[in-house]
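Read the structure below first, then the notes.
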Amino acid sequence: MILPALFFYLFAGMCIASALMVIAGRNPVHSVLFLILAFVNAAGLFLLLGAEFLAMILVVVYVGAVAVLFLFVVMMLDVDFAELREGFLQYLPVGALVGVAFLAEILLVVGAWSIGPGIPRVIASPIPEAVTNTEAIGLVLYTKYLYYFQAAGIVLLVAMIGAIVLTLRHKEGVKRQNIADQVGRTPATSIEIRQVRPGQGI
């Protein structure tokens, strides 16, 4: 009992400290690294709860893709954050107004939040011992919520194709590979025969 509590306080404390350093860090690269550390500690908390699937998703998706993408974008763009912070004070009233609006919405949601009558019974129902946590999520995801899962996949696919189409730029004068032209080549289109007389050049 003492060991899980120690790990909980360790992961929770490191997660909160890393989250604060993400906001307080002056260097954006350091902020992204602290964000990765916060994700890893949150994954450790999920492991303590017995949700190993969510822990692996957090590490693979957020640490392996999103946070690393942020890091590479920050390093490649070489954004001058000192110049961006110069106009911070003039946008402070608008930012404070938006923050107060968000705070009011969160307080309204928390004040009106209630647990449905069937939720405690569902939480109390145990998972069979022969079924792992990941398998239980898969059974629900691919049966009851199959259409929603497929719809989310289609939305992500369309978003990925749209991002590629919007960012793809073709430069003039650059030779590109054309598979159809290569497959459809014939000797008549690829070979040019010239009759060269003796003593003359081409």
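No value in this document is a laboratory result; all are computed from the given coordinates. These figures come from a predicted structure and were not determined experimentally. Positions of Cβ are generated from backbone atoms using ideal geometry, with glycine treated the same way; all protein chains shown enter the neighbour counts.
Things to note:
- Taking the stretch 7-74 and dividing mean pair separation by its residue count, relative contact order in percent (alpha carbons under 8 Å, at least six apart): 32
- Nitroxide proxy distance, nm - points 7 Å out along Cα→Cβ at Ile16 and His170: 5.7
- The calculated FRET efficiency for Tyr91 paired with Val68, based on their beta-carbon distance and R0 = 35 Å, is about 0.75.
- Take 152-163, 174-185 and order them by the average number of nearby Cβ atoms within 10 Å per residue, most first; the result is 152-163, 174-185.
- Cβ-derived FRET efficiency at R0 22 Å, Met160 paired with Leu49, nearest 0.05: 0.10
- Anisotropy class of the stretch 1-76 from Cα gyration tensor, a/c 1.5 cut: oblate
- Modelled FRET efficiency - R0 41 Å, Thr134 with Ile191, Cβ distances, 0.05 increments: 0.10
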